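Beneath this line is the structure, given in structure tokens, with notes to follow.
No lab work stands behind these numbers, since they all come straight from the coordinates. If you're wondering where the values come from, they're calculated on a predicted model, not measured in any experiment. Because the Cβ atoms are built from the backbone with ideal geometry, glycine has one as well, and the counts that use them run over all protein chains shown.
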Amino acid sequence: MTDQAKGPVTDRITVLLADDHALVRRGFRRLLEDDDELAVVGEASNGEEAIALAASLAPHVIVMDCAMPGTSGLAAIKVILEQRPSARILMLSMHSEETLVRQAMASGARGYVLKNSAGEELIEAIQTVLRGMAFFSPAVARIFQDGVARLQDARKTTDRYESLTDRERQIYQLLAEGNSNKDIANRLNLSLHTVETHRWRIMEKMDLHGTAELVLSAVRRGLVT
């Protein structure tokens, strides 16, 4: 289960590698041990082994594959941190979905590195989390930036929506569903001029510039699908 590194490791950053593929572990081990400051002190092929080795070896940094048989990397992180809250754990994965990244960070990972872009990036990630900072592969960081932008857009839309009157919200919904001004006037027993006035106020309050933007804003709010 454990393959100890040769030579003294007291002055080096100790690393535990956890991945269910032996060839992947071997490749990352060679990469890390080419750096004189790093020493791989153990390898685990599943979550259970990672938990046991993390307890017995107390490495500076644990590099953990996200998906392993049995106890997954996500589940192992929680157990390790319960036993040793100061552990620094890097998630290693082939996948960059925002949901998975957020799950890893919520579980306690200090960083997220993509396998297909690891290389020297992994060394930088280990050094970064050891200093108490977070590290994300550039592709993962972009996902977070896009997510923040979407959240900000949603918040802006929500704030503007709150400024609408009940009648304006009713007409906003009907417009988003594809009804024409005339259709809405007939349905709500309003004059066409009144509907057009409400539409103009809705567009101004919501900072919208056409029907397409209005529909998109309603989709983001979940009002239409």
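Extent of the chain along each principal axis, from alpha carbon coordinates, in Å, largest to smallest?
86, 30, 29
Sort out the exposed loop trypsin sites (Lys or Arg not before Pro) in the chain (DSSP loop, at most 14 other Cβ within 10 Å) and tell me the longest stretch that has none. Don't skip to the answer; put the middle values down first.
Details: sites that count: Lys6, Arg131.
Longest run free of exposed loop sites: 7-130.
Across the chain, how many lysine pairs, 8 or more positions apart or on different chains, have C-alpha atoms separated by under 28 Å? Please give the number.
Numbers: Lys6/Lys115; Lys78/Lys115; Lys156/Lys205; Lys182/Lys205.
Lysine pairs meeting the criterion: 4.
Evaluate the relative contact order of the range 13-142 (contact order divided by residue number), counting alpha-carbon pairs under 8 angstrom at least 6 apart; express in whole percent.
Value for the range 13-142: 21 percent.
Provide the net charge surrounding Leu192, with neighbours chosen by a C-beta distance below 11 Å and charges set as Lys +1, Arg +1, Asp -1, Glu -1. Spell out each step's value before the answer.
Numbers: positive: Lys182, Arg199; negative: Asp183, Glu196.
Summing Lys and Arg as +1 and Asp and Glu as -1 gives 0.
Against the longest alpha carbon principal axis of the chain, how many degrees, from 0 to 90 and to the nearest 10, is the axis of helix 47-57 turned?
50 degrees
Explain nothing, just the number: relative contact order of the range 24-98, from Cα pairs under 8 Å at least 6 residues apart, as a whole percent.
Values: 79 pairs, mean separation 20.7, N = 75.
This gives 28 percent for the range 24-98.
What is the Cα centroid distance between the range 53-72 and the range 32-52, reported in whole angstrom?
With the range 53-72 and the range 32-52 each reduced to a Cα centre, they are spaced 8 Å.
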